[in-house]
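**Q** The structure's right below; bear with me while I get my questions together.
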Amino acid sequence: NRLVLGDLSVDQDTRTVTVEGRDVNLTSREYCILVLLLKNRRKIFSSENIYESVWNEPYTQFSNNTIMVHIKNLRNKLEAGCGCAHLIKTVWGKGYKFEE
């Protein structure tokens, strides 16, 4: 039960993320966002889609900042691990997607 893209590997059974065999420590929310985007590559998710999928709560006016911070932190951790922060694309006015 593994998602793999290049050197990035996500083991869904153990909830671990590795890049080139090195562990990338993510929070639970960051992990869930990564899996959501990775499972649905190239699909654009709005902040509302991400928030309601990961938090399982209704989206509010303050939720967008929450998503932006989590995406930023996730990108920073992926960048430090493999220089692959570019895989999470911002689609202006629409949301985010994972791109190969």
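The values are calculated or read from the model by the stated rules, or taken from the named source; none is laboratory data. This structure is a prediction, so every number in the text was calculated from the model and none was measured. Using ideal geometry, Cβ is built from the backbone for each residue, glycine included, and neighbour counts are taken over all protein chains shown. These accessible areas exclude ligands, DNA and RNA; they are computed on the full protein's heavy atoms, side chains included. Shrake-Rupley method; radii C 1.70, N 1.55, O 1.52, S 1.80 Å.
**Q** Do you know which residues across the range 42-71 are under 18 Å from LEU8 (Cα atoms) and free of Cβ contacts under 8 Å to residues at least 40 places away in the same chain? Walk me through how you get there before you give the answer.
**A** Of the range 42-71, the ones under 18 Å from LEU8 (Cα atoms) are 42, 71.
ILE71, the sole residue that qualifies.
**Q** Something else about it: Residues ASN73, ASN56, ASN64: which one is under 18 Å from CYS32 (Cα atoms), at pLDDT below 90 and not aliphatic (A, V, I, L, M)?
**A** Numbers: ASN73 fails: at pLDDT below 90; ASN56 fails: at pLDDT below 90.
Of ASN73, ASN56, ASN64, the one residue that is under 18 Å from CYS32 (Cα atoms), at pLDDT below 90 and not aliphatic (A, V, I, L, M) is ASN64.
**Q** Let me ask something else. Would you point out the residue of the range 59-82, among those that are of a type outside the set (Val, Ile, Thr) and in a loop (DSSP other than H, G, I, E, B), that is surrounded by the fewest Cβ atoms within 10 Å (Cβ to Cβ)?
**A** Applying the first criterion (of a type outside the set (Val, Ile, Thr)) to the range 59-82 yields 59, 61-65, 68, 70, 72-82.
From what is left, the residues that are in a loop (DSSP other than H, G, I, E, B) are 59, 61-62.
Values: TYR59: 17, GLN61: 6, PHE62: 8.
Among them, the one singled out is GLN61.
**Q** Next up: State the number of residues belonging to the range 76-98 that are under 13 Å from LEU37 (Cβ atoms), at pLDDT below 90 and among the small types (Gly, Ala, Ser).
**A** Adding up the residues that qualify gives 1.
**Q** Among what's in the range 1-15 and is touching a helix residue (DSSP H, G or I) at 6+ places or on another chain (Cβ under 9 Å) and not hydrophobic (A, V, I, L, M, F, W, C), pick the residue that is most open to solvent (accessible area, probe 1.4 Å).
**A** ARG15
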